[in-house]
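The values are calculated or read from the model by the stated rules, or taken from the named source; none is laboratory data. Quick caveat: nothing in here was measured; it's all calculated off a predicted structure. Positions of Cβ are backbone-derived with ideal geometry, glycine not excepted, and every protein chain shown enters the neighbour counts.
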Amino acid sequence: MSHVLILGAASDMAQALAYKFAAEGFDITLAARNSGRLADVAPDLEIRHGISAGVAEFDALGFAGHADFYTNLPHPPDVVICVFGYLGTQETAQSNFAEAKKIIDTNYTGAVSILNIVANDFEQRGSGTIIGISSVAGDRGRQSNYLYGSAKAAFTAYLSGLRNRLAKKNVHVLTVKPGFVRTKMTAGMPLPGPVTAKPSRVAADVFAAFQKQRNVVYTMRIWQLIMLLIRHIPEPIFKRLNL
């Protein structure tokens, strides 16, 4: 049975992915900082779906411990899903580099640190799938969230390069670009209902893209059109917009 490792498994989106993959028969390892928060999730996955589920301690910002974390996993994964992220506060990050660094390190540096290790393992084994949850925010910098967006843009470029490198080794890399998603991270934000997805919708889209060996998927699909339009706004006009 194939095994899925979910990095950043405490988030709403990550748990929706765990339940979707478990429903399709995959064993699951849930990895997160303060993994005790997941103590009830693993047995629930096992009872609901008849699979094996475990929990591991993982800190995206604990770069020095990433190699040991991966080496000591009880089951070598066949699929690794990188879900962790940090939206942060743009206004704070503009004047407080500690906040800017946390946004950058959580959304990019930490992902590169652990996925380099995963990529080397999968390349040596000649199989595997890496799924990276990026964001439409990385498609064009906007004044409202350009620090978060720039980190996600870097992550998207990283996944693209990884895909180019690993395709020759039978390793698939899928980039996921969600738009607005109703989660704890976006709680309190005035999200427009028609283009805001539930975590379960994102999970279904991700699994379908995984099955079809897609390279990049937007979820919801309408975001592909929205971001196409935003990317093509001429810069003299774009500078005057409040986005």
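Of all the listed residues (129, 106), the sole one being touching a His at 6+ places or on another chain (Cβ under 6 Å) and closer than 24 Å to residue 67 by Cβ is 129. Out of all the residues in the stretch 65-86, is one or more farther than 25 Å from residue 37 by Cβ, hydrophobic (A, V, I, L, M, F, W, C) and modelled with pLDDT of 95 or more? Checked against the condition, which is being farther than 25 Å from residue 37 by Cβ, hydrophobic (A, V, I, L, M, F, W, C) and modelled with pLDDT of 95 or more, the stretch 65-86 yields no hits at all.
Selection within the stretch 209-223: residues that are modelled with pLDDT of 95 or more and part of a helix (DSSP H, G or I). The member of this set that is surrounded by the fewest Cβ atoms within 10 Å (Cβ to Cβ) is 211.
Contact map, the stretch 31-50: first residue of a type in the set (Asp, Glu), second residue surrounded by 13 or more Cβ atoms within 10 Å (Cβ to Cβ) and assigned to a helix (DSSP H, G or I), Cβ cut-off under 9 Å, separation 6 or more or different chains; pairs are 44/19; 46/22.
Looking at the stretch 22-34 only, could you name the residues that are of a type outside the set (Asp, Glu) and surrounded by fewer than 19 Cβ atoms within 10 Å (Cβ to Cβ)?
Just the residues of the stretch 22-34 that are of a type outside the set (Asp, Glu), to begin with: 22-23, 25-26, 28-34.
Correct list: 23, 25, 33, 34.
Count of the stretch 55-64 residues, restricted to those that are within 16 Å of residue 17 (Cβ to Cβ) and either hydroxyl-bearing (Ser, Thr, Tyr) or surrounded by fewer than 19 Cβ atoms within 10 Å (Cβ to Cβ) (or both), is 0. Of the residues contained in the stretch 198-208, none is found to be modelled with pLDDT of 95 or more, of a type in the set (Ser, Thr, Tyr) and surrounded by 14 or more Cβ atoms within 10 Å (Cβ to Cβ). Can you say whether residue 243 is out of contact with any helix residue (DSSP H, G or I) (no Cβ under 7 Å at 6 or more places or on another chain) and touching a residue at least 12 places away in the same chain (Cβ under 8 Å), as far as the supplied structure shows? The answer is yes for residue 243.
Candidates 100, 39, 67, 60: the one that is over 18 Å from the mean Cα position of the chain (by Cα) and under 21 Å from residue 199 (Cβ atoms) is 39. Listed by first and then second residue, the pairs linking a residue in the stretch 103-121 that is small (Gly, Ala, Ser) and crowded, with 20+ Cβ neighbours inside 10 Å to a residue that is modelled with pLDDT of 95 or more and in a helix (DSSP H, G or I), with Cβ atoms under 8 Å apart and 6 or more places separating them unless they lie on different chains, are 110/63; 111/155; 111/158; 119/162; 119/165; 119/166.
On the basis of being part of a helix (DSSP H, G or I) and over 24 Å from residue 58 (Cβ atoms), does residue 160 make the cut? Criteria met by residue 160.
Does residue 148 satisfy the condition of being crowded, with 23+ Cβ neighbours inside 10 Å, of a type outside the set (A, V, I, L, M, F, W, C) and outside any loop (DSSP other than H, G, I, E, B)?
Details: crowded, with 23+ Cβ neighbours inside 10 Å: yes; of a type outside the set (A, V, I, L, M, F, W, C): yes; outside any loop (DSSP other than H, G, I, E, B): yes.
Considered against the rule, which asks whether it is crowded, with 23+ Cβ neighbours inside 10 Å, of a type outside the set (A, V, I, L, M, F, W, C) and outside any loop (DSSP other than H, G, I, E, B), residue 148 comes out as yes.
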